[in-house]
Amino acid sequence: MLRVEELTKTFGKMTALDRCSLRVERGSITGIIGPNGSGKSTLFNLISGILPATSGQIYLEIDDSRAVVLNRKAPYQIARLGVGRTFQLNRVFKRLTALENLMAVKFDRSRALELLEFVGLSSLKELPAGNLSIGQQRLLEIARALMLEPQLVLLDEPTAGVNPMMIQKLSEHIARLREQFGVTFLIVEHHMPFLLGLSHHVVVLSAGQKIAEGTPDEIRSNPKVIEAYLGDAT
Ligand code: ADP
Ligand code: MG
C-alpha cells in the first residue's frame with residue numbers, strides 16, 4: 001500500500017536518505033532497522049510530509065485502483081489520506097487526561113473509549129497522561145494515532161524508554177491492532193528481538209541506503225546486517 005522509489009533527502013552536504021526504495025504490503029507489519037543516523041526518522045518525516053523530499057517518489061495506494069503521490073502534500077492532507085504516526089520522542093499532552101489526549105484529535109468519545117480499552121488503559125483514562133509510565137504513554141500515542149482511523153501507521157522507536165516487561169505487551173498490542181483494525185504498520189526500531197518478532201518484512205538502512213531486506217530469518221543471518229550492527233548489544 002506504500003511504495004517509496006529512489007527517495008533522497010539531503011541537508012546541505014549531508015545525504016540523510018540516499019535513493020531509498022521500499023514497499024509496504026497492505027495488512028503487513030514492515031520493520032525498519034539501522035544504526036543511529038541511518039535515515040530512519042528522516043524517511044518517516046518524508047512519508048508523513050513533515051519534510052519535503054529532495055528527490056524520489058512516495059505513492060500511497062488508496063484502494064485497488066487508486067494511488068496518490070504524497071510528495072508535496074501537507075502533513076494534515078497525508079493524515080486525512082489515512083497515514084498516522086508517532087514520534088521518536090514521546091509527544092503526549094502530559095497535563096491532559098489519557099481520554100482527553102485521544103479526544104483532542106477527534107471528538108469521538110466512543111472511539112476513544114474503545115481504543116483505550118483495546119490498549120488496556122481504560123482504568124487510567126481520567127489520569128493526566130504525564131502520570132502514566134513511559135510504556136503506557138507509548139500505548140496512548142499509538143491509540144491516539146488510531147483515532148483518525150488510519151490505514152497505515154508509522155511508529156518511530158515505540159520501545160524507546162519502555163521497560164522490558166512492557167515491551168512484550170507493546171508488541172502484543174501492535175499485533176492485535178493489526179489483526180482487529182486491519183491497520184498496516186511501518187515500524188522503526190532499534191530493539192532487534194522486538195522488531196524481528198513482530199515484522200513480516202524487514203528493511204535495513206545504513207548511512208541512508210537500503211543495505212538489505214527480507215524476512216526476519218533472512219535478516220538475522222545476513223552478514224551485512226551483522227556487520228552494520230557489530231558491537232551493538234542486539
Ligand atoms: P535515525 O532516525 O536513523 O537515527 P535520522 O533520520 O534522524 O536518523 O538522521 C539521519 C541523518 O540526518 C543524521 O546525520 C542527522 O543528523 C541528519 N538530520 C536529520 N534531520 C535533520 C535536520 N532536520 N537537519 C539537519 N540534519 C538532519
Ligand atoms: Mg530516529
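The values are calculated or read from the model by the stated rules, or taken from the named source; none is laboratory data. Being a predicted model, the structure only gives us computed values, none of them experimental. Cβ atoms come from the backbone with ideal geometry, glycine included; neighbour counts cover every protein chain shown. In case anyone asks, the SASA skips ligands and DNA or RNA and just uses the protein heavy atoms, side chains included. Shrake-Rupley method; radii C 1.70, N 1.55, O 1.52, S 1.80 Å.
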At 222 nm, what helix-only mean residue ellipticity would the chain give, in deg cm²/dmol to the nearest 500, using -39500 (n - 2.57) for each DSSP H run of four or more? -9500 deg cm²/dmol
Hz values of 3J(HN,Hα) by residue in the stretch 38-54 - Karplus curve (6.51, -1.76, 1.60), Gly and Pro given as x: 7, x, 5, 5, 4, 4, 5, 5, 6, 5, 8, x, 5, 10, x, 6, 6
Residue span Tyr76 to Phe181: 0.36 nm per residue of separation minus Cα-Cα distance leaves a gain in nm of 35.6 nm
For the stretch 109-121, 3J(HN,Hα) per residue [Karplus equation, 6.51 cos²θ - 1.76 cosθ + 1.60, θ = phi - 60°, Hz, x = Gly/Pro]: 4, 4, 5, 4, 5, 4, 5, 4, 4, 4, 9, x, 10
Separation of the stretch 181-234 and the stretch 30-83 by C-alpha centroid, Å? 19
Which lysines have a Cα less than 22 Å from the Cα of Lys13, not counting those fewer than 8 places away in the same chain? Lys40, Lys210
With θ set to phi - 60° and the Karplus curve 6.51 cos²θ - 1.76 cosθ + 1.60, what are the ³J(HN,Hα) couplings of the stretch 197-214 in order, to the nearest whole Hz, using x for Gly and Pro? x, 9, 8, 8, 9, 10, 10, 10, 9, 8, 6, x, 10, 6, 9, 6, 7, x
Got the relative contact order for the stretch 146-207 handy, in percent, Cα pairs under 8 Å and 6 or more residues apart? 42
Under the rule of at least 5 residues apart or a separate chain, name every residue whose amide H is placed under 5 Å from the amide H of Leu17. Lys9
Taking all protein chains in place and a 1.4 Å probe, what share, in percent, of the accessible surface of the stretch 1-78 do carbon and sulfur account for? 48
Percent relative contact order of the chain, based on C-alpha pairs within less than 8 angstrom and at least six residues apart? 26
Suppose every K and R has +1 on its Cβ and every D and E has -1 on its Cβ; what is the size of the dipole of the chain about the Cα centre, in Debye to the nearest 20? 680
Please figure out what share of the DSSP beta bridges in the chain is antiparallel and state it in percent, rounded to the nearest 5. 60
For the chain, accessible area per residue (1.4 Å probe, heavy atoms of protein chains only), Å²: 48
With the cut-off at 29 Å, tell me which of the pairs Lys73/Lys125; Lys94/Lys169; Lys125/Lys169 have Cα atoms farther apart than that. Lys73/Lys125
If you add up the charges near Met1, with Lys and Arg at +1 and Asp and Glu at -1, over every other residue whose beta carbon is less than 12 angstrom from its beta carbon, what do you get? 0
The simple spin-label model distance between Glu25 and Ala104, using points 7 Å out along Cα→Cβ, in nm, is 3.8
Mind telling me which of Gly197, Gly27, Gly84 comes out most flexible in a GNM of the chain, alpha-carbon contacts under 10 Å? Gly197
